[in-house]
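Written out below as structure tokens is the structure these notes cover.
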Amino acid sequence: MVIFGAGGDLTKRLLVPALYNLATTGLLPEHFELIGVDLADLDAGKWRDSLLEMMQSFVGKAASESRIDKIDEATWKRLTGRLSYIKGDFGDDGLYNELKRQLDQKTGTGGNCLFYLAIADRFFGPVVQNLGKAGLFEENWDQDGKKPEHWRHVVIEKPFGHDEESAKALNAAILRCAQEHQIYRIDHFLGKETVQNIMALRFANGMFEPLWNRDRIDHVQITVAETVGVESRGRFYEKTGALRDMVPNHVFQLLAMVAMEPPAGFDAKAVRSRKSDVFAAMRTVAPEDAVRGQYGPGPNGVAGYRQEKDVAPDSGTETYVAMRLAIDNWRWAGVPFYVRTGKHMSRRVSEIAIRFKPAPYAPFEDTDVAALAPNWLLLQIQPDEGIALQFEVKRPGPAVDLAAVRMAFKYADWFPKEPNIGYETLIYDVMTGDQTLFNRADMVEETWRVVGKVLENWSQEKPDNVLNYASGSDGPTSADDLLTRQGHAWRAVADDGHAH
């Protein structure tokens, strides 16, 4: 495994802990070697020490995604025992010649190599092109052309382009050097157990599939809220913003899992084709169906976005976005999908909330049916992974009085909590050649097409038109209007994570 950007935050905070967890569970290949590539002034020993220091900082911290109680010395040595480091500029041909020389010497891995681009997106195209120029994507196929003697895969992080035009250009550039089966456009959200369980919930349970359509579902809400701000990522966020950072990738992947048609099988081709159908059927969002916001100062001296490091004092970059989406196909025609994501929100939560249409209330003529709580199916992705169902029952007593109750399943109650930050499954899939949870070129381009008009409109607006919301709030109140037009409202989430 070759990590470009070896000295960066992504490598230390997520990739190496994920590799450690794979080693702990026995899923790391027996013959595994790690090569770091970066411009940072490091060698193998210094790089190993910096990785260990970061790992040690996670030990015993419940808030850490790594969930490490201790570092097993034998496992750590197995992971980093065959570790090397190459210092160099990503644009220097000599770097790739040296990398090729080192890979040719590592005969124990059989020639299999995973290139991970944990680098700024401006380097994606040049690095892939230089890898191709050096012949590092070459795979020797058998006589039948069915299986390579060794594989070469490349993982590309987000953002994959900044709009439809740049995404198409990046796809064209990398596909001149590598084949589609070698490219893994990663979205770590899809490594979450609950996200993967959406397909199992829908397609393995006969009770849900008959309800999963416009006849029974009123609307769908997808929320990805964070309590943190941009922290040290001001320079990145100024160029990206909440929409580019979250919507065409994380949020739309969640939507596709909910909206896709049943695949013919759970192989990569079948699943990705059904997801692609969803994106192709999504209507391009009109500017009036999108709202953006930017967090301002909050209580206890919390800084606003414009006071963050590396952020312009008059910045118009959004840290919150809400949209109303439509899918023009037989299953979802007329069913609105509302999505929202933001930083410095009131609490951290990622969930999909599916609201069902009400039943006929003729038997309850003495009941204020307008005040009855709706039926919800809640797919909770973080922080507490699980599934909940809210429905009506009769309240105990002589009168026929309805009350909303909840049934909840939590992964932690049924299965042992294994260390998992979302990257383990995806890295393992790259090693085994399973592209099911990764984006295809056409899927990426369609998602940028969906948000294209909104991005164009926002680029022409003045920075003062970004609606501020206080840090620690639920976002700008103007986002409520997206739902109230159709008689809906955002589902409130209380401190216990339950609907109210």
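Quick one: work out Rg over Rh on the C-alpha atoms of the stretch 244-360, Rh as Kirkwood radius. Write down the numbers at each step before the final one.
Values: Rg = 17.8 Å, Rh = 16.8 Å.
On the Cα set of the stretch 244-360, Rg over Rh gives 1.06.
When the chain is fully extended, how far beyond the present Cα-Cα distance does Ala173 get from Asp92, taking 0.36 nm per residue of separation?
Numbers: separation 81, 0.36 × 81 = 29.16 nm, distance 1.82 nm.
My answer for the length gained is 27.3 nm.
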Quiz prompt | Volume of the Cα convex hull of the stretch 170-288, divided per residue and given in Å³ | solution = 180
Practice problem: Please name which of Ala470, Tyr20, Gln221 has its Cα lying farthest along the dipole of the chain towards the positive end, using unit charges on Cβ (Lys, Arg +1; Asp, Glu -1) and the Cα centre as origin. | Solution: Tyr20
Quiz item: Cα-Cα pairs above 28 Å in the chain: how many percent?
Solution: 57
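Can you give the Rg to Rh ratio for the stretch 2-188, taking only C-alpha atoms and Rh from Kirkwood? Intermediate values should be presented prior to the final figure.
Numbers: Rg = 17.0 Å, Rh = 17.5 Å.
My calculation of the ratio gives 0.97.
Quick check: residue separation of Lys77 and Ser57 times 0.36 nm, minus the Cα distance between them. What number comes out in nm?
Details: separation 20, 0.36 × 20 = 7.20 nm, distance 1.79 nm.
The Lys77-Ser57 span can extend by a further 5.4 nm.
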Quiz item: Can you list the lysines whose alpha carbon sits under 23 Å from that of Lys410, skipping same-chain ones fewer than 8 residues off?
Solution: Lys61, Lys192
Quiz item: lysines within cross-link reach of Lys106: Cα-Cα under 29 Å, excluding same-chain residues under 8 positions apart?
Solution: Lys12, Lys46, Lys77, Lys87, Lys133, Lys146, Lys147
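Please pull out the direction-averaged projected area of the stretch 1-106, using the convex hull of its alpha-carbon atoms, in nm² to one decimal place. Don't skip to the end; give the middle numbers.
Values: hull surface 26.6 nm².
In nm², the orientation-averaged hull projection of the stretch 1-106 is 6.6.
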Exercise. May I ask for the distance between the Cα centers of the stretch 439-467 and the stretch 223-269, given as a whole number of Å?
Key: 14
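Here, each number is a calculation from the coordinates, and none is a lab measurement. Just so you know, these numbers come straight off a predicted model, no measurement behind them. Neighbour counts are summed over all protein chains in view; Cβ atoms, including those assigned to glycine, are modelled from backbone coordinates with ideal geometry.
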